[in-house]
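*Asks:* One structure, as structure tokens, below. Some questions next.
Read the figures in this text as sums done on the coordinates, not as results from a lab. In this text the structure is predicted, and so the values were computed from the model without any measurement. Heads up, the Cβs are rebuilt from the backbone with ideal geometry, glycines too, and the neighbour counts pull from every protein chain shown.
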Amino acid sequence: MLMLGEASPWGLAGAAVAVALLWLAGWTLEWAWLTPRRLERALRAQGVRGNRYRLFTGDVPENARLNREARKKPLPLGCHDIIPRVLPMLSKAVKEHGKPSYTWFGPTPRVMIPDPESVREVLSNKFGHFGKVKPSRIGQLLASGVASYEGEKWAKHRRILNPAFHHEKIKRMLPVFSNCCTEMITRWENSTSPEGIFELDVWPEFQNLTGDVISKTAFGSSYQEGKRIFQLQAELAERLIQAFQTIFIPGYWYLPTKNNKRMREIEREVRKILRRIIEKRVGAIQNGENSNGDLLGLLVESNMRESNGKAELGMTTDEIIEECKLFYFAGMETTSVLLTWTLIVLSMHPEWQERAREEVMHHFGRTPPYYDSLSRLKIVTMILYEVLRLYPPVVFLTRRTYKEMELGGIKYPAEVNLMLPLIFIHHDPNIWGKDASEFNPDRFVDGISNATKYQTSFFPFGWGPRICIGQNFALLEAKMAICKILQRFSFELSPSYIHAPYTVITLHPQHGAPIKLKKI
């Protein structure tokens, strides 16, 4: 029998549950309503207009609807004005609210920063007030690594990674680029008809090529295991897009949906494969074997030098796994996208295809391209830059304010996401002229710095201290592939080609890239 004033266990449990529910209700009210409304008032007070906030979901459902509608409507052949199809929500917001304007990713406002000078200030990040947006639990599945770190952790990882991407190290990887391209070209030549003509979808071809290159340059003799990672990462990217299109609710990742369960399976398998490769390589190097010159070996050696026997000074195995995942996504995806759109665009503009071929034949004839002359190819480089301008693999970057910050004369409150829209700036006629949506490589005839008056008018690989560490790797690989194709084939669009760029993390051709090739 309970004494007077003595609480029962059930009563205490009930009280604890009640307190927890009250706390959860208060937190939810603050997260889902009070904070978004406060941020919305602050933005409007500065003259920034945007979409009306919808409880919990923001613009996520409307964005999904607009994307579905846009993907039903292909573009005319030769049309490079792709923004309304690729980013219909942002395109609509700009038309309705002007620049800058904001949309809602769940309860978080995303303000589009459309002018290059403000972009430069954000990406310079001198004082760390424009930080990286913390990736969601789902987003971290694909890759985190140095691309998502901040502060000293970012500096340490970048310092350890830099030796692997030094231009002399990348130069030594050129034979791998060349051999992988030769294997692809040989396979294509064996597919030709007696007339020397055949058709194929170059999009999966380039995915396989760049997957093969990154597998061999990153993992050397373990590249077959690396190929499996490439396949898993490609599936994961598709599934991530499905997850991002769902209703925006906290804890969605933990729901036992079929898509979530498959993504967790992929994560476990990728980590298992990478852990086995890394531990084997660490053991070999500790036993006196050399690094083989591949990215993983160079990373492990650099990490050992950095740590100098003190584990806390270097990367853990789990951190090396994340960097390897990033090798795959960034190294494979970016270059395959660039190569695909380059062949599509050169098929639309045969006069530039012929100019590029003349330059390649002048430098190399039918012989394999070599490093010094690859770096001196002017027309091919201009073409690649113009393709990156019109069809950037990543169409926007995001940053976040951690305190009130003034930018372009506007005071942005803390907890606002800033969207840096590469594709809008790359297509802006006020920056690039009336022909901004036309393919004109001549605008880069005097290099990037002289193409426009703004430093950050063109930033397909980012800008500032966090510029993509692998950009030279990607461009050299792309030049090698384009040269070898131009040496052996002329090409045009297949009658079945449908011009339909859309985003699956990066900018993909929705219906593939069927191309007719003719052996020369």
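*Asks:* Quote the FRET efficiency, to the nearest 0.05, computed for Arg488 versus Gln46 with a Förster distance R0 of 56 Å and r equal to the Cβ-Cβ distance.
*Replies:* Using R0 = 56 Å, I get an efficiency of 0.50.
*Asks:* Determine the alpha carbon to alpha carbon distance for each of Lys261/Lys310; Lys134/Lys325; Lys99/Lys153; Lys227/Lys272; Lys171/Lys484 and list only those over 26 Å.
*Replies:* Going by Cα-Cα distance, Lys261/Lys310; Lys99/Lys153 fall outside the 26 Å limit.
*Asks:* Beta carbons within 10 angstrom, averaged per residue: use that to sort the peptides 500-511, 144-155, highest first.
*Replies:* By packing density, highest mean first, the sequence is 500-511, 144-155.
*Asks:* Using only Cα atoms and rounding to the nearest 10 degrees, what angle (0 to 90) does helix 35-45 make with the longest principal axis of the chain?
*Replies:* It is inclined by approximately 70 degrees.
*Asks:* Multiplying the sequence separation of Ile467 and Thr316 by 0.36 nm and subtracting their Cα-Cα distance, what value in nm do you get?
*Replies:* So the extension gain works out to 52.0 nm.
*Asks:* Note down the magnitude of the dipole of region 45-519 about its Cα centre, charges +1 on Lys and Arg C-beta and -1 on Asp and Glu C-beta and zero elsewhere, to the nearest 20 debye.
*Replies:* It works out to roughly 1040 debye.
*Asks:* A follow-up question, please. Can you give the extra length, in nm with one decimal, that the chain gains between Thr257 and Tyr454 once fully stretched, where that is 0.36 nm per residue apart less the Cα-Cα distance?
*Replies:* So the extension gain works out to 66.3 nm.
*Asks:* Would you calculate the separation in nanometres between label points at Asn125 and Ala18, each defined as 7 Å from the Cα along the Cα-to-beta-carbon direction?
*Replies:* 4.8 nm
*Asks:* Quick one: order Met405, Met480 by neighbouring beta-carbon count within 10 Å, fewest to most.
*Replies:* Met405, Met480
*Asks:* Report, in whole Å, the centroid distance computed from the Cα atoms of region 364-405 and region 69-97.
*Replies:* 23 Å
*Asks:* Can you compute 3J(HN,Hα) from phi for each residue in region 223-236, using the Karplus curve 6.51 cos²θ - 1.76 cosθ + 1.60 with θ = phi - 60°, rounded to whole Hz and x for Gly and Pro?
*Replies:* Residue by residue, region 223-236 yields 5, 5, 5, x, 4, 5, 4, 4, 5, 5, 5, 5, 5, 4 Hz.
*Asks:* Can I ask one more? Which entry is the computed Kirkwood radius over Cα pairs in Å for this structure: (i) 24.4; (ii) 25.7; (iii) 25.0?
*Replies:* Computed from the coordinates, Kirkwood radius over Cα pairs in Å corresponds to (iii).
*Asks:* If you don't mind, another one. With angles folded into 0 to 90 degrees, how steeply does helix 60-70 sit against the dominant principal axis of the chain? Use alpha carbons for both and round to 10.
*Replies:* Around 30 degrees separate the two axes.
*Asks:* Using 1/(1 + (r/R0)^6) with R0 = 56 angstrom and r between the beta carbons of Ser375 and Glu404, what's the FRET efficiency to the nearest 0.05?
*Replies:* E(calc), rounded to 0.05, equals 0.80.
*Asks:* A further question on this structure: In nanometres, what is the gap between the two model label sites at Arg54 and Lys132, each 7 Å from Cα along Cα-to-Cβ?
*Replies:* Output for this residue pair reads 3.1 nm.
*Asks:* Work out how much length Glu279 to Asp435 would gain on full extension: take 0.36 nm times their residue separation and subtract the Cα-Cα distance, in nm to one decimal.
*Replies:* Computed gain between Glu279 and Asp435 is 50.9 nm.
*Asks:* Taking the Cα atoms only, what angle lies between the long axis of helix 258-286 and the longest principal axis of the chain, rounded to 10 degrees?
*Replies:* 70 degrees
*Asks:* Between Thr367 and Asn190, how high is the FRET efficiency from 1/(1 + (r/R0)^6) when r is the Cβ-Cβ distance and R₀ = 22 Å? Nearest 0.05.
*Replies:* Efficiency, rounded to the nearest 0.05: 0.55.
*Asks:* If you take the square roots of the eigenvalues of the alpha-carbon gyration tensor of region 73-167 and sort them as a ≥ b ≥ c, do you get rounded (a/c under 1.5), prolate (a/b over b/c) or oblate?
*Replies:* prolate
*Asks:* Taking only C-alpha pairs under 8 Å that are 6+ residues apart, what is the relative contact order of region 45-519 in percent?
*Replies:* For region 45-519, the relative contact order is 26 percent.
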